[in-house]
Structure formats: C-alpha cells, structure tokens
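Presented below is the structure to which this report refers.
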Amino acid sequence: MRVLIANPPWSRPGYYGVRAGSRWPHFEAEALDYCPFPFSMAYPASALEAAGHEVSLVDACAERMDRPAFLDRVTAASPEVVVMEVSTPSIVEDLETLSQVRARVGAGVPVVFAGLHERMFRPDFLAAASGLDAVFAGEYDDTLLEWVDARERGRRDLSGIRGLVWREGSEVRANPRRDSIPDLDRLPWPARHLLPMERYHDEPGGIPRPSVQMWASRGCPYRCSFCAWPQITYGDNKYRVRSVERVVDEMESMVADWGYRSVYFDDDTFNMGDRRCVALAREVRRRGLGVEWAFMGRADTSSPRAIEEMVASGLRAVKFGVESAEQGIIDHVDKRLDLGKVREAVAACRSLGVKVHLTFMFGLPGETRESMESTVALARELDPDSLQMTIATPFPGSRYWEELVEKGHLTSEDFNRFDGFRSAVVRTEALEAEEIQAFVLGAQREWEARKRGQEGLRPQAHAATSRRVSVVIPTHEGAGEWLPQCLSALGEQREPPVEWIAVFDGGAAELARYVKSVHPHLRVVETEGRRGFAGAANAGIRAATSPFVALLNDDAEPEPGWTRAMVDAALAFPEAGMVACRVLRKGEEGQVDSAGHGLTRWGYAFNIGSGEPDGGRFEADREVFGAVGCAALYRRAMLEDVGLFDEAMEAYLEDVDLSVRARLRGWGCRYAAGAVVRHRGSASYRFPRDAWPVERVARNQVRLALKGMPRAVLARSAVPAALFQAGLLARRAAVDRQGAAHARGLLRAVADAADAVKARKGVLGARRLGDADFEALLRRSEEDLLLATGAGVRGAARRGWHRALSGLSGPGMETPRGAAEPDPLLQWESIS
C-alpha cells in the first residue's frame, strides 16, 4: 500500500515552523537553519517499509515548502493513505491544509492526523473535522502499521487497534490508548533515506557538520508538569532504552556509510544512569569511531566520572534544562532538580572542555518580577555557551494546563498564539501575560547583545497599566543656551510620573552642576568621550527605569500634556512600540517640523509635514512609519526586543534605522497629535550647509538600506535608489556647496559595507514581517510624501522627480483622492 506521511506547511512571514521532531512546536527566524529530525515520522516509515509497503515522506517545514508546493507533492505521490503530523500551535492551519489535501486526493483516500494535540484524541474532535478519517493517539509506530495492515486486508472491525480514533459508519470510536513501546531494539532504524537529510540541523556547541540526530532512548521518568511528550505523546513516565550495542551500531553506520562527522542525541533525557552512559562511551572508544557527539539530558543525573568517560569517547556538548533560578518554582512543577547540582554540572563540563547549552522558562506558576530577574542573573552567572529563553506555554492534556485553567491563569485559548517564544498566554498571581512576554523578549535581546560583546538593555518587568515615563535628554557642554529652557518646559508635565535623565555627551561638569542645582531631581549621566547622539541616547535609555522612554532634544520644548498624550496613545495601542509627536518649528509659528517620519522604497527618509502649515491632517491621531528622535516615546519592551540606536551611525537617520528594525519585528508607530513640542532644529549643526552632517547623512542612507531593506525591495528599487543618490549629489554640489562632503559619505559607506551587511543578518534574521508587508508599509509612507503641499515650477519639478522614482520602484504610489496638489521635494532638507 502506498502511504504518505507528511509534516505539512506551517509558517509566518519571516518565520518557518518547527513541528515534527520538536517537543514544543514553535517558529524560528527564516535566516536560521535549526531543524530537528522528525523521528516520529521516520521510525513508522521504516516499519512500514519492512512490512512491504511503499512509503513517501514529505517534510514541508524542513523544506520551507508553501501549501501549493506541498499539495503538488501529495498529488505526485499518488497515496492510498495520507498521515499528517499536526500540533496544538499549528492545528488551525493544519485543518485548513486538511481541506485542501482532501480536495486533491479525493474521497476514497483516508487522511489521518497524528502528533502533539491531545484534544484530537477525543471523539468529538474527529466528529467535527470534516474530511478527516482517523486520529492516531500518542506514539503511533505500531498503530499506523496495524491500521494499514487492516485496511489492506479489508478488515472493518478496527476496535482491536489501540491508540486509534476512527469512524464506524456515522459513529466515532476511540479505542484505548496503546502502551508505550517497551522494546526499542525491535524497531528498524529511522528511514533517513526518504528525507532531505541536509535540512536537519541541531549542532550544540558547534559540533562539526554534517551532523546526524539520533535517539538512544524514549521517555523520561521525571514528572515535569509542563513537559508535553511524556504526558501527551507517550502517556506515561516510562524510561525505555535501546541497547548500547544497537546504539553504537547506528552511530558507526552513520559515520562509515553516511559520512557524518558528529552525532547529537536528541533524547528526552539521554543521561539516565552512569552505568549505561559509561558503557556506551567505552563501546564508542572500543570501536574507534573517532566521532564527536552531544546530548540532551539533565544536569543532575551524571557523575563527574561518567562525564569524564563520555568526554574521552568524543562528548563535546550538552543541553540541560534549568527553567528557573527559584527552587520553589522548580519544585512546584515537579522537576525535582537541585539547582546546586546544576552549578556543579556546568562547572564540571566547563573544566573538561564540554560546551554547555541551557534552557530557561519564564511564566511558570509562582513567577514574579524578582524571580524572572533572578533567573536572568543565574544565566549570567552560569554563562553557558548558548541558551534558550522561552515563555511557559501549556499544552492541553498536561497537568500544567489543568492548573492554569483551575486558577484562571490561562489568558487565551487561541492556539495560534501558543508559540512559546514571543507570545505569552499565561499569567501568574504577580504578573500579567504582557509583562512576562515583554520581559522575555528583553532578556533574549540582552543575551544576544552580550554574546556579541555589546552592552544590551537589561530587561525589566513593569505592570501592564503603568504610565511612568523616563525622559532622556542627550546634550553636551555647548547646550547651555537652550537646555535650561528645555528642562523648564519639561517641568510643566504634571502627569504621568516622569523620571528626568540628562546625558552629557563627553561630560560637561559645569553645565551639569548648574542644571542639577535648578532641578535637583534630574539624573545626570556623563559619557566617556563624545559618542554622538545615538551613543548618548543609548546611555540614557540604559539608565531609565520606566516602561516608557521618551527622547527629547535639548533644543526642544514640550508643551503641557506632552507625556500624557504619548502614554495615552501607547496604552491605547499595545502593538505600538513608538509614538511620534506633533513637532512644530520654534520661531516659525504655525509651521510643522515633523509629524513622524517616512521612508520610501528608494531609501529617502523624510519628516512628515516638514515646512507645512499646522492644522488639518496634523490634528488627528493615526499610524505613521516611525517616530522622529528629537521628540518621541518608545516602549521599553520594544527596545528590549529590537535593540537600541545604532551607535555606528553616530547621528542622523539613527531614528529611522530604529524604526525600520521595529517595523520588521512587527511593532507599530502611532502619531499623537496632542503631544506637541516646539523644536529649534539644527542648533548644533546647520544641515545641509555644514559638511559634517551632509557626510553623515549620505553615509547613513546607504547603511540604512544595507542593514534593513529586504532583498526583494532592494532589487526592485536599485535603479531609483541610484538615481536618487545621483540627484542628491548634484544638489549638494550645485546648491549647498557640499558635494565633496556627500561624496565622502558615500565612499565611507562603501568602506563600511561589510559591517552593515554583518548587522543585516541580525536585523533581517529576526524579523517577523514578510517582504510584501514591509513593502506595503513603505508604499503607505510614500503617500505621506505626496500629501505635502507646494506650488510653482520648482514644486512641479520635484513632484515629477519623485513620481518617476516611485514608478521605477513598482506600483503602489498614487496621490490620495481629494489631496492637495503635492510638492514632495519640499521634504528634501527635512532629514532629522
């Protein structure tokens, strides 16, 4: 019989799904290549082949396959049976795929679900799932083999097949669960020859490629309440092992016959018992395999002697689950792990040159702000070579799920949000889901920065309704004329609570003492050496202690109610990581300086509304591309997720760069019309009359594109971007007398291109927004460009220029109906 076993497509823009072979199905950034081997598909496939059946395996997640391509593969296989691996987080999409598979294969081909979703083990799930013929509950190696054999023999009574939920006429039957397989040695090795083996990557500690994943055991005797496979897949806590000889036979074959250079044992718990681990290590040495290997295990089940034996046989890396720094939380979830043993095990591995990967989980019962911070502190103390920080995510059918339901701590049953990395669906007595989510995003980001040798933003947990805001004012010694006026205006903010932080770039002792004497509650931060606007702003953000951080230029004066209006906007739109202000030009009454900033597909960054009369469209709140750094509010959770300003940019366009990164990560930006600031502008440098800012703008325009513009956007806009830069160079030379400065900036951008491309991997590798969605944001941003007003021959020429660039970039740029005749190039000099 022709049997197709499939891991169907599951993805999001910028992410691919990890499901079959994973103990917690989730999404990974598309720039990564991590992919677990689907043992749950490959072992049953081998058993079917051994019984004489023709088997096809399609791993659409590993191959990054979309649904149309997957359906074509299903059709090409011409199956007589289709088995689809599904899971709780993907079940909504899996049911959609089911309907299309059913349309392709016809009514006569049975389609079966298997995998990590306890609710489908119940008869009501199958009764409601149109087009689905059966469900395999739990470990299905033997269930599938018996069911296919029964179908081939024409048996109608399937009541004897354990682990089967099936249709009998109009009724749905659920047979008793099958016991977990006790004798693993009777199973043939997994059918690797049917899978794209080059796609499967999990190499802890950098063990050499090509690397193969293996199982030496199944199950776990421990009873962690959150762990899904023992409770749902196996249905018990039995620990079952393969014989040492069979395991090493497979290792030897993988090295000799397949050419693998390393082996990773992705067991539930590999290292149960010193005797077996030592025996395996000695057998590997006896056969002289000379292969490096790693395992997933516990930190408290191997003695130093056993670790030494395993190291002598080639052990190079381990993965340990720690979860929390609070012993009370560990005990509550029944993990039975002594944190003191964790420290000892990590130290022992380090002393023997073994790389260590640790996993931590946030949001378990009893979690508090203090316990989360303690867990991050423990991670820093242990300093593993790599780590994983996840949000506790319950699976229906687990004791953890039942506890959450009983306490009312499950905040959502939208399974699309059960990804474990970026969405929290649980709360605790002390924390809301949003607080847990924001903290974990920040902790992940801080660790990434730490490993790059950068100073990350320490994660903080704040109440979801907190209105407190820290106002950061980057300044310098030459700002004595306008900084006091800025602080006096800031003093008119009555609500919400405001923390004042002035960052003196390069130090300014005399001015700092003066403003501190007038405003004693002002916090003063001094940087060592001049770090530019981006570095000074980052120093202030790191010093801030509030859930919202407002950035304010020292030559800007906020009107009363500025902070209140921004925080109101942020709280009303939780997806907004940034809030842009209504910035008016001081000394030019009634003139807009900015209402947020925009960005075009050809790399033109502009201040929305620059030079236009105030009023009209600037009086309404709305969505804009990004916030101008001279006066903006940033959600700390967004900064923890996205990172801070790019200090390599020093000044100019660093705020646009931050907006691009935030947008790619899925954060939005609101324009708050009621948050009004008056800005002098160019108080330090006259742009574009001075050479330094012209050079920086030219250089940073290129860096911005290289770092953050998706490849598809760059490709379609390459010609208009080149024309734009050529036109800008001509203007700088002919009108501003700064052509040489602009050219120097472009040359410096070329010289720094390697650094920008290196940063690009981190920016685009972590994005949550796909190419089409990001390009749509840019096209909407171009509409803001066309809403600018202007007149005369000069205005008409500028309009034609930008319309031409837009046309070369592709469709999507149209003058909004009813808008005034646009004058887009009025924005030409409005780069903040």
Check your understanding: What ranking, highest mean first, results for peptides 526-532, 29-35 when packing means the other Cβ atoms within 10 Å averaged over each residue?
Key -> 29-35, 526-532
Check your understanding: Quick one: Cα centre-to-centre distance for the range 698-740 and the range 523-545, in angstrom?
Key -> 30 Å
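Ignoring everything except DSSP H segments at least 4 long, calculate the 222 nm mean residue ellipticity for the chain; use -39,500 (n - 2.57) per segment, divide by total residues, nearest 500. All intermediate terms of the calculation are to be shown ahead of the outcome.
On the way: 26 runs with 313 residues, N = 832.
Helices in the chain give a 222 nm mean residue ellipticity of -11500 deg cm²/dmol.
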Revision key, fill the gap. Rounded to whole Å², per residue accessible area for the range 262-380 with a 1.4 Å probe reads 35 Å²
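Using 0.36 nm per residue, how much length does the chain from Ser374 to Arg167 gain when fully extended, once their Cα-Cα distance is taken away? Working shown, then result.
Working: separation 207, 0.36 × 207 = 74.52 nm, distance 5.15 nm.
Full-extension gain reported as 69.4 nm.
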Revision key, fill the gap. With label points set 7 Å from each Cα along the Cα-to-Cβ direction at Asp179 and His332, the distance between them in nm comes to 3.7 nm
Review point. Which shape class applies to the range 586-636: rounded if a/c is under 1.5, otherwise prolate when a/b exceeds b/c and oblate if not, where a ≥ b ≥ c are the square roots of the Cα gyration tensor eigenvalues?
Key: prolate
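Under the rule a/c < 1.5 gives rounded, and otherwise a/b versus b/c splits prolate from oblate, where does the range 627-681 land using the Cα gyration tensor? Mind showing how you got there, number by number?
Working: a/c = 2.19, a/b = 1.21, b/c = 1.80.
The shape class here is oblate.
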Check your understanding: Using 7 Å Cα-to-Cβ label points, what is the Met197/Asp236 separation (nm, one decimal)?
Key -> 3.3 nm
Check your understanding: Cysteines without a disulfide-compatible partner in the chain, using Cβ under 4.7 Å as the rule?
Key -> Cys35, Cys61, Cys220, Cys277, Cys349, Cys486, Cys581, Cys630, Cys669
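Whenever you get a sec, compute what percent of the accessible area on the chain sits on carbon and sulfur atoms (1.4 Å probe). Spell out each step's value before the answer.
Working: 15320 of 30760 Å².
Its accessible area is 50 percent carbon and sulfur atoms.
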Review point. Length gain on complete extension for the stretch Asp249 to Ser99, per 0.36 nm per residue less the alpha carbon to alpha carbon distance?
Key: 49.7 nm
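Would you work out the charge dipole size for the chain about its Cα centre, treating the Cβ of every Lys and Arg as +1 and the Cβ of every Asp and Glu as -1, and quote it to the nearest 20 debye?
On the way: 108 positive and 118 negative charges, 289 e Å.
In debye, rounded to 20, the chain gives about 1380.
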Exercise for review: Convert each backbone phi in the range 331-342 into a coupling constant with the Karplus relation 6.51 cos²θ - 1.76 cosθ + 1.60 (shift: θ = phi - 60°), then list the ³J(HN,Hα) values in order as whole Hz, x for Gly and Pro.
Suggested key: 5, 5, 7, 6, 6, 6, 10, 8, 4, x, 5, 4
Review point. When all C-alpha to C-alpha distances in the range 592-697 are sorted into bins of 10 Å, what percent of pairs does each bin hold, rounded to whole numbers?
Key: 13, 45, 34, 8
Revision key, fill the gap. Amide H neighbours of Met361 at under 5 Å, excluding residues fewer than 5 places away on the same chain, with H built from the backbone geometry, are Glu323, Ser324, Thr390
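If R0 is 25 Å, what FRET efficiency do you get for Trp258 and Asp33 from their C-beta distance, rounded to 0.05?
Details: r = 19 Å, r/R0 = 0.75.
Computed FRET efficiency for Trp258 and Asp33 comes out at 0.85.
For the chain, what is Rg from Cα atoms divided by 2.2 N^0.38 Å, rounded to two decimals? Don't jump to the answer; show the numbers that get you there.
On the way: Rg = 30.1 Å, N = 832, 2.2 N^0.38 = 28.3 Å.
In units of the 2.2 N^0.38 Å rule of thumb, it is 1.06.
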Exercise for review: Quickly rank 317-323, 625-631 as a protection proxy: mean count of other C-beta atoms within 10 Å, highest first.
Suggested key: 625-631, 317-323
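So for the range 539-608, considering every pair of alpha-carbon atoms, how many percent are separated by more than 16 Å?
Within the range 539-608, distances greater than 16 Å cover 61 percent of Cα pairs.
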**Study point:** Relative compactness, the range 652-745, computed as alpha-carbon Rg over 2.2 N^0.38 Å
**Key:** 1.26
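What number do you get for the range 202-303 when its Cα radius of gyration is normalised by 2.2 N^0.38 Å, N = residues?
1.10
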Check your understanding: What residue among His357, Ser253, Val440 has its Cα farthest toward the positive end of the dipole of the chain, where the charges are +1 on Lys, Arg and -1 on Asp, Glu, each on the Cβ?
Key -> Ser253
Study note, to complete from the structure: Rounded to whole angstrom, the alpha-carbon centroid of the range 233-288 lies from that of the range 562-618 at a distance of 61 Å
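Remind me, relative contact order of the range 88-136 in percent, using alpha carbon pairs under 8 angstrom and six or more residues apart? Kindly include the intermediate steps, with their values, before the conclusion.
Numbers: 40 pairs, mean separation 21.0, N = 49.
RCO, the range 88-136: 43 percent.
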**Study point:** the range 338-410-the range 129-179 distance, computed between alpha-carbon centres (Å)
**Key:** 38 Å
Revision key, fill the gap. Distance in nm between Arg530 and Glu575 label points, each 7 Å along Cα→Cβ, equals 4.2 nm
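Can you tell me the relative contact order of the chain? Whole percent, Cα pairs under 8 Å, sequence separation 6 or more.
Numbers: 1771 pairs, mean separation 71.5, N = 832.
It rounds to 9 percent for the chain.
When only C-alpha pairs under 8 Å and at least 6 residues apart count, what is the relative contact order of the range 625-774, in percent? Mind showing how you got there, number by number?
On the way: 146 pairs, mean separation 45.3, N = 150.
The normalised contact order for the range 625-774 reaches 30 percent.
How big is the Kirkwood radius of the range 516-557, worked out from every pair of different alpha carbons and given in Å to one decimal? Display every interim value, and only then the final one.
On the way: mean 1/r = 0.0847 Å⁻¹.
The Cα-based Kirkwood calculation yields 11.8 Å.
With a 1.4 Å probe and all protein chains left in place, how much accessible area per residue does the range 117-176 have, in Å²?
Per residue, the range 117-176 has an accessible area of 48 Å².
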Study note, to complete from the structure: Of the candidates Gly507, Asn416, His53, the farthest towards the positive dipole end of the chain (Lys/Arg Cβ +1, Asp/Glu Cβ -1, centred on the Cα centre) is Gly507
Check your understanding: FRET efficiency for Glu152 and Arg622, Cβ-Cβ distance as r, R0 = 41 Å, nearest 0.05?
Key -> 0.05
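Within a Cβ distance under 11 Å of Val702, other residues only, what is the Lys/Arg minus Asp/Glu net charge?
Values: positive: Arg699, Arg703, Lys707, Arg748; negative: Asp752.
For residues surrounding Val702, the net value is +3.
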Review point. What FRET efficiency, computed as 1/(1 + (r/R0)^6) with R0 = 35 Å and r the Cβ-Cβ distance, is obtained for Ser130 and Arg223, rounded to the nearest 0.05?
Key: 0.40
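Based only on the alpha carbon positions, what is the Kirkwood hydrodynamic radius of the range 465-571, in angstrom? Each step should come with its number before you reach the end.
On the way: mean 1/r = 0.0729 Å⁻¹.
For the range 465-571, the Kirkwood estimate is 13.7 Å.
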Check your understanding: What is the range 8-47 by shape, rounded, prolate or oblate, if you read a ≥ b ≥ c off the alpha carbon gyration tensor as root eigenvalues and call it rounded for a/c under 1.5, prolate for a/b larger than b/c, and oblate otherwise?
Key -> prolate
Point to revise | Summed side-chain charge close to Leu746 - residues other than Leu746 whose Cβ falls under 10 Å, Lys, Arg +1, Asp, Glu -1 | key: +2
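All other residues with a Cβ under 10 Å from the Cβ of Ser46 taken together, and with Lys, Arg as +1 and Asp, Glu as -1, what is their net charge? Could the numbers behind the result be given before it?
Values: positive: Arg192; negative: Glu49, Asp141.
So the surrounding residues net to -1.
What is the Å³ per residue value for the convex hull set by the Cα atoms of the range 1-107? Display every interim value, and only then the final one.
Working: hull volume 10.1 nm³, N = 107.
Convex hull of Cα atoms, per residue: 94 Å³.
Per residue, how much accessible surface does the range 594-669 expose to a 1.4 Å probe? Answer in Å², no decimals.
Numbers: 1330 Å² over 76 residues.
Ligands and nucleic acids excluded, the figure is 18 Å² per residue.
The values are calculated or read from the model by the stated rules, or taken from the named source; none is laboratory data. Bear in mind the structure is a predicted one, so any value in this text is a computation, not a measurement. So basically every Cβ, Gly included, is an ideal-geometry build from the backbone, and we count neighbours across all protein chains shown. In case anyone asks, the SASA skips ligands and DNA or RNA and just uses the protein heavy atoms, side chains included. Shrake-Rupley method; radii C 1.70, N 1.55, O 1.52, S 1.80 Å.
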